[in-house]
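The values are calculated or read from the model by the stated rules, or taken from the named source; none is laboratory data. Keep in mind it's a predicted model, so treat the numbers as computed, not measured. In this analysis, Cβ positions are derived from the backbone assuming ideal geometry, glycine residues included, and neighbour counts consider all displayed protein chains. All accessible areas refer to the heavy atoms of the entire protein, side chains included, with ligands and DNA or RNA removed. Shrake-Rupley method; radii C 1.70, N 1.55, O 1.52, S 1.80 Å.
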Amino acid sequence: MLEKENNKKQKEIAFISDPENIKLFEYSVLVTSLDNDVVSIIDHYRDRADCENNFDEIKNHWGWGGYTTKDIKRCRILSRMVALAYNWWTLFVRLSNPDSHKEAITSRPLLMSAIGKLTESGRKKKITITSQHNLIKKIQTMQEDLCVFFDAIKKTAAQLTPIDIWCRILTRAVSKFLTKGEIITPVQLINSS
């Protein structure tokens with residue numbers, strides 16, 4: 001009887017005496033039928049992961065994770081509202097920082113933890129934004145660049161149609177994905193819708 005109890009216990013063997021000296025290695029195995037070279041395959045995989053990150057962000061940080069009602073009409077309306085808010089927020093963040101995507105978990109505290117005050121004097125309106133975020137200098141630079149951009153549009157707005165203004169805003173927001181000097185034209189906007 002004692003022998004059976006001893007056999008049931010797993011024996012432990014310490015392979016390494018000092019765990020602080022362990023070197024960690026990470027391996028990835030990609031199985032594919034593509035004929036591309038290794039670098040291209042890794043780029044494809046990374047692009048796919050980037051797309052999945054957006055859906056993960058919408059689901060976990062924007063409330064698109066599921067609805068408790070069985071009414072499909074309400075679910076569709078709510079999911080479209082979440083998608084619309086996500087798209088507008090992403091566009092705003094891209095306007096503030098066109099070089100990289102910022103997830104909601106970092107961009108919301110960065111750009112929404114501020115208090116704004118509107119003051120009117122004569123015919124001018126001025127918004128003063130006060131932030132307590134520790135990256136205040138970065139936020140200030142981003143917001144100043146955005147103000148300069150909108151001021152430039154405002155100066156030429158009388159000569160531009162609403163679609164031309166929208167094209168300029170979109171061009172700035174997606175400038176990372178455009179070739180240098182390329183702009184989005186009204187024809188491209190109309191054809192894409």
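Structure notes:
- Extreme residue, positive dipole direction of the chain, given options 136, 98, 54 (C-beta unit charges): 136
- Cβ-based charge dipole, the chain, positive-most Cα from 64, 36, 75: 75
- Cα extents for the range 16-133 along the principal axes, largest to smallest and rounded to whole angstrom: 71, 47, 37.
- R0 of 35 Å, Cβ-Cβ distance residue 177-residue 121: FRET efficiency to nearest 0.05: 0.30
- Label zone at residue 138 (point 7 Å along Cα-to-Cβ), backbone N below 17 Å, the range 70-112: 93-112
- When 106, 171, 119 are compared by accessible area at a 1.4 angstrom probe, the order from most to least is 106, 119, 171.
- Dipole in debye (nearest 20) - the chain, about Cα centre, beta carbon charges: Lys, Arg +1; Asp, Glu -1: 1300 debye
- Inter-site label distance for residue 108 and residue 188 at 7 Å from Cα along Cβ, in nm: 3.1 nm
- Rounded to 10°, Cα long-axis angle of helix 162-173 versus longest principal axis of the chain: 30 degrees
- Semi-axes of the equivalent ellipsoid for the range 150-193, Cα gyration tensor, largest first, Å: 18, 14, 7
- Ordered by 1.4 Å accessible area with all protein chains kept, 103, 26 run largest first as 26, 103.
- GNM result for the chain, Cα springs below 10 Å: residue of 169, 183, 72 fluctuating most strongly: 72
- The chain: most fluctuating residue of 113, 79, 121 per GNM, C-alpha cutoff 10 Å: 121
- Using the Cβ-Cβ distance between residue 26 and residue 62 with R0 set to 35 Å, the FRET efficiency from 1/(1 + (r/R0)^6) comes to roughly 0.75.
- Between 0 and 90°, nearest 10: helix 136-156 axis offset from the chain longest Cα axis: 40 degrees
- Nearest-ten-degree value, helix 72-96 long axis tilted from longest Cα axis of the chain: 70 degrees
- Nonlocal amide H pairs with residue 184, under 5 Å, H built at 1.01 Å: 171
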